[in-house]
Structures are given as C-alpha cells and as structure tokens.
1. Working from the alpha-carbon coordinates of segment 171-287, get Rg over Rh, Rh being the Kirkwood radius.
2. Can you divide the C-alpha Rg of the chain by 2.2 N^0.38 Å and report the result to two decimal places?
3. What FRET efficiency, computed as 1/(1 + (r/R0)^6) with R0 = 30 Å and r the Cβ-Cβ distance, is obtained for Ser183 and Val68, rounded to the nearest 0.05?
4. Please arrange Arg76, Arg81 by how many other C-beta atoms lie within 10 Å of their C-beta, fewest to most.
5. With Rg and the Kirkwood Rh both taken from Cα atoms, where does Rg over Rh land for segment 119-165?
6. Expressed in nm to one decimal, what extension gain is obtained for the pair Glu141 and Arg19 from 0.36 nm per residue of sequence separation less their Cα-Cα distance?
7. Under a straight-distance cross-link criterion of Cα-Cα below 30 Å, which lysines are reachable from Lys138, leaving out those fewer than 8 residues away in the same chain?
8. In vacuo Debye scattering of segment 97-143, one point per C-alpha: log10 I(q)/I(0) at q = 0.22, 0.23, 0.26 Å⁻¹?
Amino acid sequence: MTPLADIDQITNPPRRVQRLRPVVDSVLDGLEPVINLYRPYVDGLENLPRDGRFLLVGNHTQGSGEVVLIPYFVRREIGTRVRPLAVSTIRYTPGLLGDALAAYGAVVGHPDTARELMRNNETILVFPGGGREMSKFKGEEHTLLWNGRAGFARVSVESDYPIVPVALVGGDDVYKSVFTRDSVVGRFSTSVMKRVTGKPDMGLPVTRGIGPTMVPRPQRMYLRFGPPIDTTKPPRRNHDSWVSDVKARTQEALEQSLAELLDIRRNDPYRQLNPFAWRNATLPDAG
C-alpha cells in the first residue's frame, strides 16, 4: 500500500513548520482560561504512561471538543505533544493552515504514518470512527460507530504499543441531530454523501444548537483516560485472533467509560453550564 504522506516529514518536518511550533504551543497554553471557564470534568490522568509511548483511542463527537481537550490535558499532565491521526484531506491543506496543522502534530491517518510515529515512541491519538462518528444522527449520541475498523489494534500489536482508551461525554450535546439515520432525510443525506465521498456510511445530519439556531449549546465536557491496555501478543496466540481481542477490549473499555461518564453527568446540576451558575459550578463527584 502506498503511503499517503511523506514519512520523512513526520519526524523531520520542514523548517517553516518547526518555526511555527512555539507559536502553536503558545496558543494552546493560552487556551487554559477558556477551558477552565467550561469547568471540564477530567479523571484518569494518572493512567497515562509517563514515557509518552502509547496510543490514545477515543470517540468522536458532534462538537469535536475531544480534538482539543485530549492533547491539551495530556500535554499538561506529562509534557508530551500528541500526534493526532487525521483524515487524509489534511495532505492537501495548503499554505499556513496546513503548516499549522503539522506544527500542532497532526499527520495523515494511515498505518505507515502510525508505524513511523511508534518507531519514534511518540504519543498518538486516533478516532477509529472517523468522520462518520462526528456526523451522528438522532439516537446515535454517545455511541461508537467503528463499523468493524480494527487497524489501530493491528498496528499497536505489531509494535507492542500500549493503548489508552479515552472517552468524552458532552460533545454530542453541543449540537442536536433532528432526524434519525433511517428517516427519509437521513437516507437522502447518506445517499448524497455516498455520491460525493464514495463512502456508504457517511451522512450529513441536520443539527441545531440553542433552539432552532446553530449557536452551540453550553455543555460541560466529561473526559476519562482509562488504564493502559497491553497489546503484547502472548506466545503461541494466533495473531489475527489477538488483534480482534485487543480491538474488542479497547471498545469495551471505551463503552464502559462512556456509560460511567453519562451516570456522572446525569447527577451533575451544572451539566448545561447556565451562565448565571458559572461561579458556583463545582465539579461532580466521581463516586
């Protein structure tokens, strides 16, 4: 399979990208007041391996807050830069925006790029659900839409790379989908996106924010980093069977974290971050 990115540029980016890194880092550091304003609930940071050698496997949401929150809290906790495996279209992102994404750490989501990052013991982030999981229809909130994808498990097993499952609740409530996937509107949207993208599982749901508008609904984010999953294959264990087992264990851990975070949120009186209650919006009890 032909790689979708210049492998050498993953660990040795152009000088212009290297010059942008301090700027991007400063911007990320400057996000702290904004993130604190939303009082995110975060637990499990003690589960992050201190050497930074692990693959974060997360769930995508409609609000996409996980793309910022996960790298932010990992960097703050252990000081490593997270390398998100992004959609292949970033390969064609021109100019300053493309350089900024590279300085942020994003690379094309492809097995070859993941292997290269693992050879260099980097901290990697992947969302197996991809774009389909970001475009959820009504009733699909807080679920994993992986469609059987197990590439992350296969590459991790090949490299004996630990997996840290990371779950986010709240992002699917920033915007609400109006129709289900099997509705007339949902089927039409999926059909159109199939013709446009060539992918049969993509759709473009009709969403709304506050009321009928696209103003995002204020929601507290609930983030959990689970215990690392060892991917080292036991002796005499069939390779494909072990890959399936690692994928299943990761999915089960994420689904369990999502369920537990939903329970925590259910008992949180400040989950919707009413502006008049911000000053008193204490963090919920994990117990």
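What follows is calculated from the coordinates using simple rules that are stated; it is not laboratory data. Note that the coordinates shown come from a computational prediction; the quantities given were computed from them, not determined experimentally. Heads up, the Cβs are rebuilt from the backbone with ideal geometry, glycines too, and the neighbour counts pull from every protein chain shown.
1. Details: Rg = 19.9 Å, Rh = 18.1 Å.
On the Cα set of segment 171-287, Rg over Rh gives 1.10.
2. On the way: Rg = 19.2 Å, N = 287, 2.2 N^0.38 = 18.9 Å.
Compactness ratio reported: 1.01.
3. Numbers: r = 31 Å, r/R0 = 1.05.
Here the calculated transfer efficiency is 0.45.
4. Details: Arg76 14, Arg81 17.
Going from sparsest to densest Cβ surroundings: Arg76, Arg81.
5. On the way: Rg = 13.0 Å, Rh = 12.3 Å.
Radius of gyration over Kirkwood radius for segment 119-165 works out to 1.05.
6. Details: separation 122, 0.36 × 122 = 43.92 nm, distance 3.94 nm.
Full extension from Glu141 to Arg19 adds 40.0 nm.
7. Counting by Cα, and skipping residues close in sequence, Lys138 has these lysines nearby: Lys176, Lys194, Lys199, Lys247.
8. Per q value, in the given order, log10 I(q)/I(0) is -0.87, -0.90, -0.99.
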